[in-house]
Structures are given as structure tokens and as C-alpha cells.
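The values are calculated or read from the model by the stated rules, or taken from the named source; none is laboratory data. Given the structure is predicted, the values throughout are model-derived calculations rather than measurements. As a convention, Cβ positions derive from the backbone with ideal geometry for all residues, glycine included, and neighbour counts pool all protein chains shown. Just so you know, the surface numbers come from the protein's heavy atoms only, side chains and all, with ligands and any DNA or RNA stripped out. Shrake-Rupley method; radii C 1.70, N 1.55, O 1.52, S 1.80 Å.
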Amino acid sequence: MTSSGHRDHRRYDAYARNHEEFGDSELIPAATVVVLRDAATGLEALMLHRNSKIAFGGMWVFPGGRIDEEDVVATTDGQIDELTTAAAAAVREASEEASVVVDPKGLVWFAHWVPPLNSTHRRYTTFFFAARHEEPASEVLIDDGEITEHEWMRPVDAMARRDGGEIELAPPTWMTLHRLSG
């Protein structure tokens, strides 16, 4: 067995032990919106700093969160329209977390993230949308509870700050910023 194969075997064993102890964690439906604006220095994204005492605490994120019952949109045959429901949640979360009004018709769905099974944390299955922040637009106001600060950041600057240890980003946030910086 090669050293690579040996490492893969150890990794699987660790996964199996974790799964035996914790089992499969339930997926929690969620949605986020990357609010973008044109600035003199280029494209900027609205970033929110989460309170360190809650899920994803201390990380810089886009507005978003769990899909609530009030967000659910059903089709004519009574089935849940997942994408429309996720869009409703993204719009609501932008309003709740940052007082940003997002036009649901202007949302563009571009990704859906599902974390791996071997996680002991809550697993959010998250739809990612993008939306333009139209000027003149509402002022960004945070709640100073769930969100402690906000900042408009160019994607390349946010990634540089993360690489420099200034800010923390979850993998889907980093990937989105990386995609936007190209």
C-alpha cells in the first residue's frame, strides 16, 4: 500500500468512527444572497461579521440563514418550490440582518452548497443567490446582535484579508469571493 493509500485508509477510519459516534446529521435548508454594488475601485460585496457566540460565529458572511416556514412557496400541485422558497428566505434574511431591500425578481441563483456528512456541526444545505444593490439604496443597518459589523469589500481584498489572518471565511464564502474576483 502506498503512503497515499495508507492516509486514505486512516481518513476513512476517522470518518467511520465519527459516523458511528454522531450518525448522519440532518440537513437544514438555508439561503444566502451576495449583495453586489459597483464602486469606483470595482465590484464590492456586502459582508457581515457574525457574532462569535452563534453558528458560524466570528466569520464574515453574506446575508443569509435558515429557511423559515413563512418562506415556503408551494406549487399548484402542493409541492414545495425549493428555489422560490430559498429566494424568499434570502430576501427576508437580507432585510433582517442588514436592512437591505432585495428585489426577488432580481435574484440570480448560482450555487447550492451541501457540507459533507462527517461533520458534527449543523449542516446547512444552502442556495446562493446574487443581487445588485441599486443606488440610491437603503442604508445598511445591522442588528448588533446576530451581526456585529458590516463592510463593503472587493472580493480580492476580502480574500487577501483572509489570507493575512485578519478575517475568517467559510469555504463556500471563500469560493464565491474567488469566483467573483476573476
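Here's the picture: charge each Lys and Arg Cβ at +1 and each Asp and Glu Cβ at -1 in the stretch 45-182, and of T173, A87, M47 the one pushed furthest to the positive end of that dipole is T173. Take the Cα radius of gyration of the stretch 35-182 and divide it by 2.2 N^0.38 Å, N being the number of residues; the result is 1.05. Residue separation of T148 and L43 scaled by 0.36 nm, minus their Cα-Cα distance, works out to 35.5 nm of gained length. Which whole-number value in Å² is the accessible area per residue of the stretch 72-182, probe 1.4 Å? Here the per-residue accessible area is 59 Å².
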